[in-house]
Amino acid sequence: MSLQVSLVSAEEEVWTGEATLVVATTTEGQIGFMTDHEPVLAILGDGPVRITQEDDSVVTATAKDGFVSVESNRVTIVAGHAAIAS
């Protein structure tokens with residue numbers, strides 16, 4: 001089973017897909033999410049979001065001014081500013 005991940009900014013959907021691991025930066029530090037993680041609602045800090053896809057490739061994005069929500073193997077990251085890192 002995988003995570004359904006959605007990363008959106010105020011302007012657009014930045015990335016959506018399936019992943020095995022998501023690591024986000026929150027105001028309390030970095031936190032990682034895998035399948036069957038307990039529900040979480042956290043405020044994003046200024047830092048990277050790393051999404052490990054099912055083929056083990058990693059998508060790195062920046063996200064700030066928002067929140068991350070995890071429930072029922074769905075990770076939703078809503079940010080005022082987010083972009084795929086180049």
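The values are calculated or read from the model by the stated rules, or taken from the named source; none is laboratory data. Everything numeric in this text was worked out from a predicted model, so none of it was measured. Glycine also receives a Cβ, built like all others from the backbone with ideal geometry; neighbour counts cover every protein chain displayed.
List of remarks:
- Flag if E28 is in contact with a strand residue (DSSP E or B) (Cβ under 9 Å, 6 or more places away or on another chain) and surrounded by 11 or more Cβ atoms within 10 Å (Cβ to Cβ): no
- With respect to the stated conditions, D46 fails to be modelled with pLDDT of 95 or more, surrounded by fewer than 17 Cβ atoms within 10 Å (Cβ to Cβ) and not small (G, A, S).
- Flag if A61 is at pLDDT 95 or above and touching a strand residue (DSSP E or B) at 6+ places or on another chain (Cβ under 7 Å): yes
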